[in-house]
Each structure stands twice: as C-alpha cells, then as structure tokens.
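The values are calculated or read from the model by the stated rules, or taken from the named source; none is laboratory data. What you are looking at is a predicted structure, and each value in this text was computed from that prediction instead of being measured. A quick note on method: Cβ atoms are made from the backbone with ideal geometry, for glycine too, and the neighbour counts reach across all protein chains shown.
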Amino acid sequence: MPDTTSSPVATPKGLRRWAMLCVGFCVFLLLAGANVKTQDGGLTVPDWPRMYYEWVPGWDRFWLFMGPAPLRAEVLHRLIAKAMGLLTIALAVWAHFREERRLVRRMCWAALGLVIVQGVWGGLGVIFKLEGPWPLLHSTFAQIYLCLLVAIASMMSPWWQADAGGERPLDDDALRMMKLSLVATAALFVQLILGAGARHGIFAREIHAVVAMPVTIILVKTVLAGVGDLPRELTAIREATRWIAYLLGAQIGLGLWSYMIVSADKAAHQLSLMEIAAVNAHLVIGALLLATTFAVVLRTFRTFGLPTDARVAAMTGDRSTGDSTTSVSRTTSTPSESVA
C-alpha cells in the first residue's frame, strides 16, 4: 500500500468513529478493572484464559458468576477485556486496508500488540497469583494503551488532517504551552502510577497525596496558559484545556472523598454503593485527565509544529532584532532631543 503521508486521503468516517468507540470502551474497561480491585475480586476466578475451565460459560454458570459482587466484578472485567481485544483487532485490520498513512496504521497494530500483552500480563498474574509490582505494571500498561488510542483517534480526526500543522509561527506563548503540557502529562502519568501502587499496597497513600499537590499546580498553570495566553481562534487547544480544568476539579473532590473512604479501613463487602462508585470514579477521572492532557500535547504540537533549533533560533533572532531596532531608534532620537 503506498504511503501518502504528505497529502493523505481523509480517514473514512466509519473508521474514525470506530477509533473513538475504542477510546470510550477503553475508559469503560478501566472502570471495570478499578471495580475488581475495589471489590477485592482479583483472584475469584483461579484460571485463565478460561473461566472455571469453560471457554464460554453456559447460562447456568453465567448467572452463577453474577452472584457475589467480587466474582461478578472479575467476570465482567474479563468479558469487557475480551470485547476490547476484538474492537482493537477490527481497528487494526480496518486501518490496514483503509488508512493511507503508514504511521497511523503502525500505531493501530501497536495498539493491538499492546492489548494482547496487557491481557496475557493480567492472565499470568491470575495463574501464578503474582502480587507486588505485577498488578502495578498491569495498570501502567492500561494507561499507555489509552493514550495510544487517543493519539490514533486524534490523528484520524478531520481537524488533524486539515492543513493546520506547523504553519503557525512559534512564539513565547506557544513554547510555554508545549513545555507545560508535556510536563503535565509526565507528572500525571507518574501520579497515576503512584496511585495504582497505593491501591496495591506498594506505596504509601501519603506519597500519592503529597505528589498530587505539585501536579495540581502544574495542571493549573497549563490551563491558564492555554485559556489565557493562546489566541482565541485556537479553539481546538483551548477547549481541551478547559476540560482539564473541569476534570481536575472533579478529581480533587473525588480524591479527598476516596482518601477518607480508604482511611476508614473498611473491608470490600462493607463499602456502600456510593463509596464504591467514588473510589472507582477517582481512578477513571484520573485516566480521563491523563488522556485529555495528552490530547492537549498532540493538538499543541500539531498546531505549531515541532520546535526545532532553527525555528527557535529564528524566533529568538527576530525578537533580538526587534529589540536592537528599538534601541537604535531611541539612540538616534536622543541627540535631536538634546539639541532641541
């Protein structure tokens, strides 16, 4: 298949919507995975990839699985994960035949490889009853997989494929937005790892809570830079940045609520439905916050292009030339003023 990266044919609408469906379903899968830990149902099904030695449970066994909450959480998580794998297979195959850009096709196949690794990783943890860093890595791969799907869906969007990349000149506000969005994404990723480690008893909850403070400051600066400094016509960046603010506010409230719930040291079966929902929502909102911040990175770099040394030097040179011209004009005007 010829590669026409320079002037690609627009991605088919159906394929673009399928990629967006994969992003939404991945968030649903993260919610199901969070519920497994909250309900303490990780090892309620002792075998993998089958469930109690059946590939496809019959209705009698299925309704038995829907009984106890921990067992129900694990079974639903596995079924949703299998559906996610099928969706990713369809995305990779569809993109292979209908997407003109080689990079996007490779990203779709990479997503398929990552979801397979994620499934095998989780299955091996069940078979060998692995604890410690094993579930932490499982959670980390899930966040990377979500970001990869967000990148695929973004690159398939009509806005991305329009002639908007790298045409806008660099300035100080653009460079600041690039740096802040990158730092915010990296800080959020580390914060989510610390949160997953705290849930699995690897890190202390206090570490996760303390690190949340500087991460919040970085996110607030990113929001202020995107909404306050960038021109109003850059709606793609400004709207995504506003969503960072909305999600951050929700995440702070859910984080405080979740911390009080976990600090009460209740057993899983003692948690109320509202408490379970709050803890699960805290994890899902964190993932959405990471995905949105990463989307801001993609949109910023797509709008302004890569800040190469030559472009930054040209920007600095123009600014210094303007400053020197201003100083010269001030110097030449001084004698006339003195004569007068």
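Picking from residues in the range 13-54 that are among the aromatic types (F, W, Y) and over 15 Å from the mean Cα position of the chain (by Cα), the one that is surrounded by the fewest Cβ atoms within 10 Å (Cβ to Cβ) is Y53. Just one residue in the set A268, A250 is free of Cβ contacts under 8 Å to residues at least 60 places away in the same chain, assigned by TED's automatic domain parsing to the domain that holds A184 and aliphatic (A, V, I, L, M); that residue is A250. Checking each residue in the range 123-177 for being of a type in the set (A, V, I, L, M), loosely packed, with under 14 Cβ neighbours inside 10 Å and closer than 23 Å to R238 by Cβ picks out only A162.
Run down R78, R61, R72 and say which single residue is free of Cβ contacts under 8 Å to residues at least 24 places away in the same chain and assigned to a helix (DSSP H, G or I). Reasoning before the result, please.
Values: R78 fails: free of Cβ contacts under 8 Å to residues at least 24 places away in the same chain; R72 fails: free of Cβ contacts under 8 Å to residues at least 24 places away in the same chain.
Every option except R61 fails the conditions.
Apart from one condition, A111 fits all of (1) surrounded by fewer than 18 Cβ atoms within 10 Å (Cβ to Cβ); (2) in contact (Cβ under 8 Å) with a residue 40 or more places away in the chain; (3) within 11 Å of C22 (Cβ to Cβ); the exception is (1).
For the range 154-184, enumerate the residues that are at pLDDT 85 or above, part of a loop (DSSP other than H, G, I, E, B) and either of a type in the set (D, E) or at positive phi (or both).
From the range 154-184, those at pLDDT 85 or above are 154-160, 171-184; that's our starting set.
With the extra rule that they be part of a loop (DSSP other than H, G, I, E, B), the set shrinks to 157, 171.
Of everything in the range 154-184, just one residue is at pLDDT 85 or above, part of a loop (DSSP other than H, G, I, E, B) and either of a type in the set (D, E) or at positive phi (or both), namely D171.
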